[in-house]
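In what follows, a single structure is set out as structure tokens and then discussed.
The values are calculated or read from the model by the stated rules, or taken from the named source; none is laboratory data. Computed from a predicted model, the values in this text were never measured in an experiment. We place every Cβ from the backbone using ideal geometry, glycine too, and count neighbours over all the protein chains shown. Accessible surface areas use protein heavy atoms only, side chains included; no ligands, DNA or RNA. Shrake-Rupley method; radii C 1.70, N 1.55, O 1.52, S 1.80 Å.
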Amino acid sequence: MKENSVVVLAPAKINLALAVNDIRADGYHSLETVFQSVSLFDRVEITLQGGGISCLCGELSGEKNLAYQAAGLFLDEYKTRTSGAIPGVEIKIEKHIPLQAGLAGGSSDAAAVLIGLNRLLSNPFSYEHLVGLAKQCGSDTAFCLLGGTAWGEGTGSELQELPPAPEMDIILVKPEQGVSTADAYRLFDKRAEFSKLNQQRWVSVLSAARIDTIGRMLSNDLENIVFDLVPKISVLKRLLLEGGCLGALMSGSGSTMFGIVKDYSQGEKMRKVLAEKGYHQTWLVKTIGSRNINLEKRSDFWWKDV
């Protein structure tokens, strides 16, 4: 019997490094970044139904949700490939990844919808074709489709796989205030301090699997800019480094700060210290590998039974 519902886990991402190269002719910023998936997940249930698209995600329900847009793009493309009836889709998202956090929760939900629909409809599209759809859903969605450790260029959607990062214990902490990506880049443009990353250096460091070296390599051109928007983020970085993290950095355009801890025990101690100082949105996570998308030989790690 053909299944009509599937649950896909949608992992958060962090940026181990991010450099803003310049401003493109289309007004977007040209970036270089090192993406990394971590084990904080939204739960996305995709169900085929009679007609139309519905996206249920609390206050984020409806057509503006990237997951809704991903479903629309997928079904429009699917329509050109089949003469049969086009199914409707119901999407239910259980959110765990916070908003305005630099963790790509919306983009990851969209990628999960593309993966889930492709499975439910007997894999009509290759991974490469799904990437093309993902790029229309925001700059991080292509990476979220892939997962693991990857080098991103352009707006972040041009990807190359990197040697997988070693398993690392990471603490995520988010202040109450979020950060608008548009505001972060608008302030950055006033200073225009462009830079580049050394891709081969990152390949070497990741291949060596030295967590302490990775900690020293962390960098983000937007970090000092966002510190001016949300001063508490700089306080969080200081607390993480004083607590013994091997490195600490703001992810993407913020407002989440992450720290590489030596082990889970150290991470738990840091959560208690942060809670005492009023920071209660914390998560202990691990780095995770790519989805290894062979669309007919999927990795069971990314799926859950309905």
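The table below gives the values:
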read-out	value
Listed residues LYS272, LYS135, LYS95, most fluctuating in the chain (Gaussian network, C-alpha, under 10 Å)	LYS272
Span-rule helices in the chain, defined as complete DSSP H runs reaching 15 Å or more along the axis (Cα) with Kyte mean at least 0.5	105-120
The stretch 9-21 - phi-based ³J(HN,Hα) in whole Hz, Karplus 6.51/-1.76/1.60, Gly and Pro as x	7, 10, x, 6, 10, 10, 10, 6, 7, 8, 10, 9, 7
Partners for LYS174 among lysines (Cα-Cα distance below 25 Å; same-chain residues under 8 apart left out)	LYS13, LYS64, LYS92, LYS95, LYS232, LYS237, LYS262, LYS269, LYS272, LYS277, LYS286
Karplus-derived 3J(HN,Hα), 6.51/-1.76/1.60, for each residue of the stretch 162-167, Hz, glycine and proline x	10, x, x, 5, x, 4
Fully extended contour minus Cα-Cα distance, from GLU128 to VAL203, at 0.36 nm per residue	24.7 nm
Label-point gap, in nm, between ARG210 and LYS190 - each point 7 angstrom along Cα→Cβ	4.0 nm
11 Å beta-carbon shell around GLY156, net charge (K/R +1, D/E -1)	-2
Pairwise label distance in nanometres, SER234 with SER39, each label 7 Å out on the Cα-Cβ vector	3.5 nm
FRET efficiency estimate (nearest 0.05) - Cβ-Cβ, ASP183 to SER265, R0 35 angstrom	0.40
GLN160-GLN136 pseudo-label distance in nm [points 7 Å out on the Cα-to-Cβ vector]	2.8 nm
For the chain, built as a Gaussian network whose Cα springs stay under 10 Å, the top-fluctuating residue of SER108, SER204, SER39	SER204
Whole-angstrom gap from the stretch 146-160 to the stretch 16-78, using each part's C-alpha centre	15 Å
Residue with peak Gaussian network fluctuation, the chain [Cα springs, cutoff 10 Å], from GLU94, GLU128, GLU158	GLU128
Over the chain, volume per residue of the alpha carbon convex hull, in Å³	132 Å³
Solvent-accessible area, 1.4 Å probe, carbon plus sulfur percent, for the stretch 40-131	48 percent
